[in-house]
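Trainee: Starting off with a structure, shown below.
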Amino acid sequence: MAVQGYRAERLADQIRTEVAEIISGELKDPRIGLVTVTGVEMTGDLRHVRVSVSVLGNVEAQQKSLEGLTSATGYVRHELSLRLPLRRAPELTFVLDHAAEENARLETLLQKLKDEH
């Protein structure tokens, strides 16, 4: 269940921004490659957050990056608790977002159709 309202949208945007900064600037895990935070979904009670990430590379690189992010979940959660005015830091779950890959595949298919006609 997603949180509704302006505050929730603002909070989700803040979480997305902060998590992206933490991943790009502070995490030193060699498994984590080029990661982009593409979205954040929160539950109604703000206790659980699903962070969608897009990872550049093949499937193996994506899985390694996801493993690295999962192992850094405690650190990211702690940093969020310091940076955001929340009573309780939310539990984080990182998931792969395949939207960019799907868009590229669709773009290729559309270009092929255009070239055939």
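The values are calculated or read from the model by the stated rules, or taken from the named source; none is laboratory data. Please read these numbers as outputs of a predicted model, since none were measured by experiment. Positions of Cβ are generated from backbone atoms using ideal geometry, with glycine treated the same way; all protein chains shown enter the neighbour counts.
Trainee: Of (1) over 23 Å from GLN14 (Cβ atoms); (2) within 14 Å of the chain's Cα centre (by Cα); (3) not in a helix (DSSP H, G or I), VAL95 satisfies all except one. Which?
Mentor: (1)
Trainee: Next question. Which members of segment 76-117 meet the condition of being in contact (Cβ under 8 Å) with a residue 40 or more places away in the chain, among the β-branched types (Val, Ile, Thr) and out of contact with any Lys or Arg (no Cβ under 8 Å at 6 or more places or on another chain)?
Mentor: If the condition is that a residue be in contact (Cβ under 8 Å) with a residue 40 or more places away in the chain, among the β-branched types (Val, Ile, Thr) and out of contact with any Lys or Arg (no Cβ under 8 Å at 6 or more places or on another chain), then VAL76 is the only one that fits.
Trainee: Can you name the number of the only condition in (1) within 16 Å of the chain's Cα centre (by Cα); (2) in contact (Cβ under 8 Å) with a residue 12 or more places away in the chain that SER24 fails?
Mentor: Among (1) within 16 Å of the chain's Cα centre (by Cα); (2) in contact (Cβ under 8 Å) with a residue 12 or more places away in the chain, the lone unmet condition for SER24 is (2).
Trainee: Look through segment 55-76, keep the residues that are crowded, with 18+ Cβ neighbours inside 10 Å and within 16 Å of VAL19 (Cα to Cα), and return whichever of them is modelled with the lowest pLDDT.
Mentor: Only one residue fits best here, namely VAL55.
Trainee: Return the residues of segment 60-70 that are under 24 Å from LEU11 (Cα atoms) and either of a type outside the set (Val, Ile, Thr) or without any contact (Cβ under 8 Å) to a residue 24 or more places away in the chain (or both); say none if nothing qualifies.
Mentor: Selection gives LEU66, LEU69.
Trainee: May I ask you to list the residues in segment 44-92 that are in a loop (DSSP other than H, G, I, E, B) and over 16 Å from the mean Cα position of the chain (by Cα)?
Mentor: Once the filter is applied, which keeps residues that are in a loop (DSSP other than H, G, I, E, B) and over 16 Å from the mean Cα position of the chain (by Cα), segment 44-92 yields GLY44, ASP45, LEU46, ARG47, ASN58, LEU84, PRO85, LEU86, ARG87, ARG88, ALA89.
Trainee: Something else now. Against the condition in contact with a Leu (Cβ under 8 Å, 6 or more places away or on another chain), charged (D, E, K, R) and part of a helix (DSSP H, G or I), how does ARG105 come out, does it pass?
Mentor: So ARG105 does not fit the description; no.
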